Amino acid sequence: MIDEKTQLSDTDFTKLRAIIHKNTGITIGDNRKKMLMGRLRGRLREIDTIDFKSYFARLASDAGEMQELINRVTTNKTYCYRTPRVWQHFSETAVTEFHAKKEKRAMRIWSAAASSGEEPYTIGVLLEDVRKSTLGFDYSILGSDVSQRVLDKADVGSYSDAAVASLRMEKPDIFNTYMRANDEGNFSVLPEIKSRIKFKLHNLNERLKNTRPFDVVFLRNVLIYFAQAEQEVILDHVYKLLEPGGYLYIGESETLTRLNTGFESVEPLVYRPKPTSGIAG
Ligand SMILES: C[S@@+](CC[C@H](N)C(=O)[O-])C[C@H]1O[C@@H](n2cnc3c(N)ncnc32)[C@H](O)[C@@H]1O
């Protein structure tokens, strides 16, 4: 039986990192052995697996177990209205420019590593406020993630005080108008917002299929888990799904400066497709 003293051998650590990389693209650093062991020890116990050799056999034959591994190794920290200056740019520039184009269609937004949904619901409350005050404006939001566990939470959409604190503080009128206390003592968005948000399991290493291009993509606090080559592949997928003149937002500790991509910088954390990109289609 696996216990607190059980260690992950270097060989098994290497194998596990390779499995995680193959299935998510995530690169686990050399120094993350303890973290990985900490996240998986409980799982091995739950499924009565005595060692990593048996665990690898199970992963190879059971897609559900692979999803469980992905759920456990991803880092899902998020909250509503994270990094206010990105939201300012979104409201004041991206939405305004979309509206000025007088498109006869809904604005399409993709939260490409949506975690438990705080980011897509933040987009939702901001855009619902625009919809209420702007004749003919509508929107649709896709939230995707590689972890089914966080998407299940996103589908429910019930958020604690801590998860909504930044939105409540920075945008009190929007918070009070579009979020309601629910029976669990948490907060949820109004149904008309929820009906415009869809969630989908998606691995950023693969191209998102069956979708039209988006006006804005949020790809925040996820690139950091990938090596440079994979970041470029992901950004190429995103580039091909962004409308010309659309915007890409990334996370606070991220930059595209040293990467070969089709994007140009607008300001820190904000990018748009270069007018003509050298990236082959
Ligand atoms: C730290 S959260 C960021 C959530 C949100 N974008 C934010 O900035 O608050 C990172 C998310 O990326 C997801 N993720 C990691 N690898 C992924 C992949 N290959 N494809 C899609 N999502 C991935 C994780 O499951 C996690 O929910």
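No value in this document is a laboratory result; all are computed from the given coordinates. Please read these numbers as outputs of a predicted model, since none were measured by experiment. Cβ atoms come from the backbone with ideal geometry, glycine included; neighbour counts cover every protein chain shown.
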Compute the angle between helix 52-61 and the longest alpha-carbon principal axis of the chain, please, reported from 0 to 90 degrees and rounded to the nearest 10. 50
Taking N as the number of residues in the chain, what is its alpha-carbon radius of gyration divided by 2.2 N^0.38 Å? 1.08
Note, Thr78: beta-carbon cut-off 14 Å, +1 each Lys/Arg, -1 each Asp/Glu, net +1
With +1 on each Lys and Arg Cβ and -1 on each Asp and Glu Cβ, how big is the dipole of the stretch 83-200 about its Cα centre, in debye rounded to the nearest 20? 480
Which pairs in the list Lys33/Lys153; Lys132/Lys171; Lys101/Lys171; Lys198/Lys274 are over 23 Å apart, alpha-carbon to alpha-carbon? Lys33/Lys153; Lys101/Lys171; Lys198/Lys274
With -39,500 (n - 2.57) per DSSP H segment of 4 or more residues and division by the full residue count of the chain, the 222 nm estimate, nearest 500 deg cm²/dmol, is -12500 deg cm²/dmol
In Å, what is the Rg of the alpha-carbon atoms in the stretch 131-181, and how long is Dmax? 13.8, 38
The summed charge of the Val125 Cβ neighbourhood (under 12 Å; Lys/Arg +1, Asp/Glu -1) stands at 0
I need the Kirkwood Rh of the stretch 31-187: take the reciprocal of the average 1/r across all distinct C-alpha pairs and report it in angstrom. 18.1
Quick one: net charge around Ala106, please, counting Lys, Arg +1 and Asp, Glu -1 for every other residue with C-beta under 15 Å from its C-beta. +4
Which order do Glu252, Glu68 fall in if you start with the one that has the fewest other Cβ atoms within 10 Å? Glu252, Glu68
Rg(Cα) of the stretch 152-213 divided by 2.2 N^0.38 Å? 1.37
